[in-house]
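See below for the structure under consideration.
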Amino acid sequence: MKDPTLVVAGMLALSAGTFAFRFSGPVLRQRISFPPWAERLLEAAAVVLLAALVATTALTQGHGFAGLARPGGVLVGGVLAWRKAPFLVVVLAAAATTAVLRLLGVP
Amino acid sequence: MSSIYRTLARGTLRDIALACLAVWFIGLSYGAIAVASGFPLWFPAAQSVLVLAGASEFLFIGIVAAGGNPIAAALAGLLVNSRHLTYGLALPDITGPDMTTTGPGRIWRRLLASHVMNDETVVFALAQEDLPRKRAAYWTCGLGVLLCWPAGAVLGALIGGAIGNTNAFGLDAMFPAVILALIMPALRDRVTVRAALAGAAIALAATPFLPAGLPVLLALAGVLVVVASQRAASQRAASRGTAP
């Protein structure tokens, strides 16, 4: 861990900010109401962020391609999730697929 | 606790227990990945209790491990966690005043209720029919996650430190699979899935050139797809309004 003080400061900022989000939602709810389009946009923004997180963590490592084993596992998990398989099955199938692919020599 | 058992249906309790088990399991991979990325054991342990929001913690660790700036990592995590604000706006008054507690206990209760708000608790609370059941589901799942997530993280960090190469077990595929499973219900909406694909494509295209964390933020431009569709819908409505 490079520069531990800065890393801990970052973590504390993340936890304080996250708590502020959690606390202010119910407080704001009693005072203001967002128009439906704004609510729709906020909801979509969260999904877009998380989808980008899925794409980058599944396909890339540093600035390059992560190899085929990891995206292969994520793909299997994604198909199972689409078919409404239980959460635990999705997660374990993804890890198992990647592990087996690596065992077979897939990068 | 006994009143919670009487309030919630047995099926709901089983589902909450399964969700907490899944959280514990993801916690294992989180702790293992954190240690494998060069963090000391106490870091994922502390972060799991203080932040208590899996996706943002993975993101933070990922960006810092890739050499990114910790403050940028915190901002990226906050952007991901901003959804908790909308959760609070969408939930009925679960974390608010409760007639059964008074005095300073009420304040602590409210602070704790805010802290345990997460994807799972909100999903279970929204699925219940009335306010007492919503409250019971919220607290059961929330406290379950508060126990399972750090417990998993610590055990994972211990195991990860012991086995070394966690990639051999495919643990690195777990996190994207978890997030994908969580957003899958939202992705069944046509406009949202187009925005998500656009965002993912932007992030992937930017990854070779930008510092870690920024590509995911850039992906927010994908939201423009939703804006465009809303505008098109309102224009269609307007033109229908003027038609004879």
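Just so it is clear, none of the values below were taken in a lab; they were calculated from the coordinates. If you're wondering where the values come from, they're calculated on a predicted model, not measured in any experiment. Every residue, glycine as well, gets a Cβ built from its backbone with ideal geometry; the counts of neighbours run over all protein chains shown.
A few notes on this one:
- Fewest-first sequence of B:VAL178, A:VAL76 by Cβ atoms within 10 Å of each Cβ: A:VAL76, B:VAL178
- Computed extension length for B:GLN230-B:ALA90: 48.3 nm, one decimal, from 0.36 nm per residue of separation with the Cα-Cα distance subtracted.
- Charge dipole (debye, nearest 20) of region B:37-148; +1 at Cβ of Lys and Arg, -1 at Cβ of Asp and Glu: 220
- With q set to 0.11, 0.13 Å⁻¹, the log10 of I(q)/I(0) for region B:2-175, from the Debye formula over equal scatterers at the Cα positions, is -0.51, -0.69.
- When the alpha carbon gyration tensor of the protein assembly as shown is reduced to an equivalent ellipsoid, its three semi-axes come out at 30, 28, 20 angstrom, largest first.
- Partner shielding of B:222-230 amounts to 4, given as the average count of beta-carbon atoms from other chains within 10 Å of each residue beta-carbon.
- Listed residues B:VAL193, B:LEU79, B:TRP108: farthest to the positive end of the dipole of chain B (Cβ charges): B:VAL193
- Ordering of A:5-13, A:88-96, B:64-72 by packing [mean C-beta count within 10 Å, highest first]: A:88-96, B:64-72, A:5-13
- Shape call, chain A: gyration tensor on alpha carbons, a/c limit 1.5: oblate
- Residues of region B:169-209 with amide N under 14 Å of a point placed 7 Å along Cα→Cβ from B:LEU18: none
- Think of the protein assembly as shown as a dipole: +1 on every Lys or Arg Cβ, -1 on every Asp or Glu Cβ, centred on the Cα centre; then among A:ALA55, B:ALA228, B:LEU41, B:ALA228 lies furthest on the positive end.
- Over chain B, relative contact order from alpha-carbon pairs under 8 Å, at least 6 apart, %: 29
- Inter-site label distance for A:HIS63 and A:LEU88 at 7 Å from Cα along Cβ, in nm: 4.3
- Axis angle, to the nearest 10 degrees, between helix A:69-82 and the longest C-alpha principal axis of chain A: 60 degrees.
- Exercise: per-residue mean of other protein chain Cβ atoms within 10 Å, B:147-159: 0
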